[in-house]
Amino acid sequence: ILAFNRNAKEEISERIQARLGVQVDVHTFHSFGLNVIAKAHERKPSLAQFVEDQYQYLQYINQVVVRVIKNPELADEVAEYFIEHFRPYKDAFDFKSLGEYYEFINSNKKSITLKGEVVKSLEELVLANYLYVNGISYVYEARYEFDTATTLRRQYKPDFYLPNYGIYIEHFALDKNNHTPPFIDEVEYVASVEWKRKIHSKNNTTLVETYSHEKRDGILTSNLREKLESRGVEFNPLDDGQLFDSLNKCGYVSEFAKICATFLNLFKGRDISLEEFKASLVDDGDQYERVISFLNIFAPIYEIYQSQLRSSGEIDFHDMIHEASHLIANARFTSGYKFLLVDEFQDISVGRGRLLQSIQKANPGLKFLAVGDDWQSIYRFSGSDIGLMTNFEQYFGFTKHLLLSETFRFNNRVESVASKFIQVNPAQIKKSIVTLKSSNQPEVILFSPNKKTGK
């Protein structure tokens, strides 16, 4: 029997002993992996200390990230990633309403620049950070130098102003055909664009224009550079220390370290190389470029992590599972198991799935029982892959479902709302839940808390 943690392992052991009176091998996946490796090599492997505690693991990854970001040889890759790709980008033209657009922006944290300012769009964030990283002083939404306020229009504030050069930059949400996103009044917006152009022409001030379609085509910053250099703007990129200090001060480094820590877990769970992973990617434009940019920085982080394990002669939990799978597959470990039970199967990862497949192949005729609930799968961040459960027969052969449809955890009113909600996701297994408790009263309340008070 394989369980996911010690508490579950001990509880299962006690129940089997008390109710059935039989001795059964009950392990956590990790203790089983250690046992397989120890028997095959006649010595127990050592786990790296920094992987046994989540806090130590995050601290270690943060140290490695700092080391890599400070590496002058990676300065260009680091600058490109944090300027162009750190925040997930989605084209404004893909949204049907302004509300959907702002919900997307807010769900990915506010657009905070390396200067610590909040800008109104992800495209403005790219422009602001590009100017800052290249040592170009700017003011965001500064008052235009001429008075433009009227009874119908407030004072004009261009998106960016470069005080050292007297240059204004306006970023327009326009595609190549001069159309706006569907949630913007196109007639009014285009009229506003023309008004701004006329104001600058009238007052003989310099206006540089950028457009949403440039971001979509991946040429927003390169085009901006050409436009600014042609007007005499000098680029003085921050040195490595200044760039790191700015990234660190705004929380970009610690946030990136958490992303790397999670991704490293997911990646190692797959047991593939970075080259194989890159080859599996589909080039779909901006998102593909974002992934490649991330991998260019992650690669040295991963190499340092792996090198640390090699130099210390230690392994992590993923290595343990992968090594155990290989040993069983190559007949280096024999068990003679006739029955295999796995608890909380919805939390299974690809690596653990391969371990189970190895046990199956090494023990012909093995009866395999997996107990789990795909509706309770919440550990994707740590490597679980619900596809192993929803497509069980594809991975483990002939399958018969034994449904436990009764629940004592909640009543019929909660079940009705919860079941409808979760089954909107087509990837979930369809189920009919029978509750042992009934209620005629409303049991689920939806409310929107006050942003300031939380009530």
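One table, with the values for the structure above:
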item	result
Any pair with Cβ under 7 angstrom, 6 or more apart, that starts in segment 288-301 at a residue that is acidic (D, E) and ends at one that is not in a helix (DSSP H, G or I)	E289/G218
Candidates K96, K44 - the one that is of a type outside the set (G, A, S), touching a residue at least 24 places away in the same chain (Cβ under 8 Å) and farther than 27 Å from K258 by Cα	K96
Hits in segment 78-113 (condition: open to solvent by 60 Å² or more (accessible area, probe 1.4 Å) and at pLDDT 80 or above)	E80, I112
Segment 390-399, residues that are part of a loop (DSSP other than H, G, I, E, B) and surrounded by 12 or more Cβ atoms within 10 Å (Cβ to Cβ)	N391, T399
Helices (runs of 4 or more DSSP H) wholly inside segment 249-316 containing at least 3 residues that are touching a strand residue (DSSP E or B) at 6+ places or on another chain (Cβ under 7 Å) and farther than 23 Å from R380 by Cβ	none
The lone exception for I386 - which of (1) open to solvent by 70 Å² or more (accessible area, probe 1.4 Å); (2) β-branched (V, I, T); (3) touching a residue at least 40 places away in the same chain (Cβ under 8 Å) it fails	(1)
Hits in segment 262-307 - residues which are open to solvent by less than 40 Å² (accessible area, probe 1.4 Å) and among the acidic types (D, E)	D286
Yes/no for I184 being part of a loop (DSSP other than H, G, I, E, B), touching a residue at least 40 places away in the same chain (Cβ under 8 Å) and either open to solvent by 80 Å² or more (accessible area, probe 1.4 Å) or closer than 26 Å to E229 by Cβ (or both)	no
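The rows are residues; the columns are (1) closer than 19 Å to N236 by Cα; (2) crowded, with 22+ Cβ neighbours inside 10 Å; (3) hydroxyl-bearing (S, T, Y); (4) out of contact with any His (no Cβ under 8 Å at 6 or more places or on another chain).
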| position | (1), (2), (3), (4) |
| --- | --- |
| N129 | yes, yes, no, yes |
| V133 | yes, yes, no, yes |
| A142 | no, no, no, yes |
| A149 | no, no, no, yes |
| Q155 | no, no, no, yes |
| P163 | yes, no, no, yes |
| I167 | yes, no, no, yes |
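Matching residues to (1) within 27 Å of the chain's Cα centre (by Cα); (2) assigned to a strand (DSSP E or B); (3) among the acidic types (D, E):
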site	(1), (2), (3)
M320	yes, no, no
H326	no, no, no
A331	no, no, no
L341	no, yes, no
L356	no, no, no
Q360	no, no, no
F368	no, yes, no
H401	no, no, no
F410	no, yes, no
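The values are calculated or read from the model by the stated rules, or taken from the named source; none is laboratory data. Everything numeric here is computed off the predicted structure, so don't read it as measured data. Every residue, glycine as well, gets a Cβ built from its backbone with ideal geometry; the counts of neighbours run over all protein chains shown. Remember, those area values only see protein heavy atoms, side chains included, never the ligands or the DNA or RNA. Shrake-Rupley method; radii C 1.70, N 1.55, O 1.52, S 1.80 Å.
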